[in-house]
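To start, the structure itself, in structure tokens.
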Amino acid sequence: MILLSTVMALAGPRHYSSNIEGDVNADGDVNIADINVLIDAILSSSSDLKFDVNGDGDINIADVNYLLDLIFTGPSIPMVDTGMYMGIVGYNNALYTRDIAYLDSTTVTGFNDFVASLTTESGRLLYYSVDNALDALNRAACPRNLQNVAIVTFTGGLDQGSLMMTDKYDTEAEYAQALKTRIQEEKVYGRSIKAYTVGLMSDNVKDAAQFRSNLYALASDSVKAIEVASMDEVAPCFQAIAEDVVGRNMSETLTLVFPGVGTGTRIRFTLDDVNSETVNDSQVYIEGTFSLKSRSLTDIVYKGMTCTAGDSVVATSTDGVFVNMVFEGIQLDSEECIEKDNIQEWYLIEGQNEWEPSTEFSASRLPDVESVYYSTLVMLQLDCSSVMDENFADMQQAVNAFMDRLQNVNADVDPEETGLFTVNGVSFQMVAVDGGTFMMGVDSCIVAEGDANLDEMPAHEVTLSPYSIGLTEVTQELWNAVMESNPSSFNDDLQRPVNQVSWEDCQEFIARLNELTGKNFRLPTEAEWEFAARGGIDGNATIYAGSDSINDVAWYFDNSYAMGVDSEDYGTHVVGSKLANELGLFDMSGNVAEWCADWYGAYTQDAQTDPAGPETGMRRVVRGGGWFSFDGDNRVTARSYESPNRRSNSLGFRLAL
């Protein structure tokens, strides 16, 4: 224990908000004091569950080891969902911290209470507060879909006292320059920091030039350095910043399918409404040079948008002469959404400044646009110095309105509406399926012609209520986020579908997922699965899910298993790497076969509403075919079955809700 205490003393305290994981003595810190309290609890045989920090039901040395990990790595911020995360620091001669947490209608009251608890005192640790905010952002445990990181600093004057808190700098100018460099160069989970400053120069500030210099030094660019003339302007200014932050909380993923061309061909995809006469005037486009060898676009220029895909993008897959290319994280400068019908492809005519339209960029291979909601992390710095006395209540009111706007983002990003869910930092998409009536199965003549099996008949009328189904099969990444394990073969890429899971394993996964999300996820019924595979009410009656050509939509025997164990195509593939069907669903045919909720049984000719299969049985329904299934087993009507405890490297599942 002496050695342990020495190690912990050297490690120093890690400060986090109260009621956070590992803070067993509830003092707001996770450090040696918590270790000592926990050891006392173990020696006294305490049964208080607050000391069971690892949640295994016992209070023993394992909890000490778990707490040690928390102290050295920092406890994880509870990542409830995609949306807004926030922390606040009030500063005068000390720092007062409300640590980073999810901001929504249930937590905003705690943030409001913290702001109400702030009081004014002499001193103004402006630089030191921003410095610590940058540190907090860098050690925060963030959602994987974090896109925006912001610091918003409100100040009523100059820095007074920060040099006393560190021995790194000799002058205020030196400290300010160091912070400017940090803000411009540091990244949080790969994201640049947007820093806003709002300055209300108090009457006792005589060095106006230094005051304004601080505003610019602590902002990420000059546009974000804002000086206001009175307190009346602060609340509208905060609201404008909130709108700017909120407006960047959603981006779009654009998937383009186009024929490959010769190396060196310059290609432009215009996203605004232009024609052959106005293409040179396009204000929104993606332009790059095609490489035939690497199947990629290089030297990419993004006009009228930002995009996280970078200046070189490799095709995600090829299909005959066509390449599929994905551009993630697109945000138009206009803050509007991409109009899919406006997208056109052009080739630059060599030696001329003219663009030729592509005749092969046709309606049969329209681009796909997906709206993706991301998470934002905001640190708010508030001047609590004595010069703010007469304006302090107005500032608190403006801050509360600012937080109300930010927390409404999480109300806007309602998973039930968007279909985007996040669990332990991993996001997955559900697709809404309108209810409707369809003919399930096949008629006798199709069976007689040898194009279907006996158990696919008789065709019968089925009416389904609206439901949601997974955009893709459950990935290994999502399984691991819920189960903290990965049973799969072909596990070199977590975006492959999970396999080697039985029907019973799926039920355990779903139970844990529902506990984490508070939702009622389940396996789809066989009828729901077939309806979705057919493309819903507007499906085109294709043989496979989305096409009559199996190679368009499926990884199956010919392009996977038959390639041999030494081929990179042997086995499962990253989900979504073939074309989707009419509902935008991927891999309904092929990749892995998918468990359904039903017991397997014979069809009847009776019309049914929301059928759930037989009440009992020996085997559960499996649909869709897998990577070593023959083409006939990948048809939308083809049926199969397995024992509920069966595991296979070609068996997986997708979710329904």
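We did not get these values from a lab; they are worked out from the coordinates using the rules stated. Here the structure is a predicted model, which means the values were calculated and not measured. Here Cβ is always computed from backbone atoms with ideal geometry, including for glycine, and neighbour counts include all displayed protein chains.
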Legend entry - Candidate values [x] 128, 83, 66; [y] 93, 80, 47; [z] 93, 64, 41, label of the one derived for Cα extents along the principal axes in Å: [y]
Inset, instruction - First check a/c for the stretch 250-371, with a ≥ b ≥ c the square roots of the eigenvalues of its C-alpha gyration tensor; if it is under 1.5, answer rounded, and if not, answer prolate when a/b is larger than b/c or oblate otherwise. - result: rounded
Inset, instruction - Distance between Cα centroids, the stretch 88-165 to the stretch 621-650: provide it in whole Å. - result: 54 Å
Inset, instruction - Express the relative contact order of the stretch 250-371 as a whole percentage, based on alpha carbon pairs under 8 Å and six or more residues apart in sequence. - result: 35 percent
Legend entry - Charge context of residue 235, other residues only, Cβ under 14 angstrom, K/R +1, D/E -1: -4
Inset, instruction - Identify, among 112, 154, 164, the residue whose Cα sits farthest towards the positive end of the charge dipole of the chain, taking +1 on the Cβ of Lys and Arg and -1 on the Cβ of Asp and Glu, with the dipole about the Cα centre. - result: 164
Inset, instruction - Would you order 307, 596, 445, 337 from fewest to most other beta-carbon atoms within 10 Å of each residue's own beta-carbon? - result: 445, 337, 307, 596
Inset, instruction - Calculate for the chain the 222 nm mean residue ellipticity that helices alone would give, adding -39,500 (n - 2.57) per DSSP H run of length 4 or more and normalising by residue count, nearest 500 deg cm²/dmol. - result: -7500 deg cm²/dmol
Legend entry - Hz values of 3J(HN,Hα) by residue in the stretch 153-168 - Karplus curve (6.51, -1.76, 1.60), Gly and Pro given as x: 10, 10, 9, x, x, 8, 6, 9, x, 4, 5, 6, 9, 8, 9, 7
Legend entry - Whether the stretch 420-652 is rounded, prolate or oblate, judged on the alpha carbon gyration tensor where a/c under 1.5 counts as rounded: oblate
Inset, instruction - Loop only per DSSP, at most 10 neighbouring Cβ atoms within 10 Å: give me the trypsin sites (Lys or Arg not before Pro) in the stretch 231-337, ordered by residue number. - result: 293
Legend entry - Student exercise, the stretch 376-517 dipole from Lys, Arg, Asp, Glu Cβ charges, in Debye to nearest 20: 220 debye
Inset, instruction - May I ask you to sort 130, 501, 447, 592 by Cβ crowding, counting other Cβ atoms within 10 Å and putting the fewest first? - result: 447, 501, 130, 592
Inset, instruction - Note the angle between two axes, namely the Cα long axis of helix 108-117 and the longest principal axis of the Cα atoms of the chain, as a number of degrees from 0 to 90, rounded to the nearest 10. - result: 0 degrees
Inset, instruction - Fewest Cβ neighbours within 10 Å first, please rank 588, 483, 164 accordingly. - result: 164, 483, 588
Inset, instruction - Note down the relative contact order for the chain as a percent, whole number, built from C-alpha pairs under 8 angstrom at least six residues apart. - result: 12 percent
Inset, instruction - Report, in degrees rounded to the nearest 10, the 0 to 90 angle that the Cα long axis of helix 32-43 makes with the longest principal axis of the chain. - result: 70 degrees
Inset, instruction - Sticking with the crude label model, points 7 Å out along Cα→Cβ, report the distance from residue 169 to residue 314 in nm, one decimal please. - result: 4.3 nm
Inset, instruction - For the stretch 606-617, just list the computed ³J(HN,Hα) in residue order, Karplus coefficients 6.51, -1.76 and 1.60, θ = phi - 60°, integers in Hz, with x standing in for Gly and Pro. - result: 6, 5, 9, 10, 6, x, 10, x, x, 6, 9, x
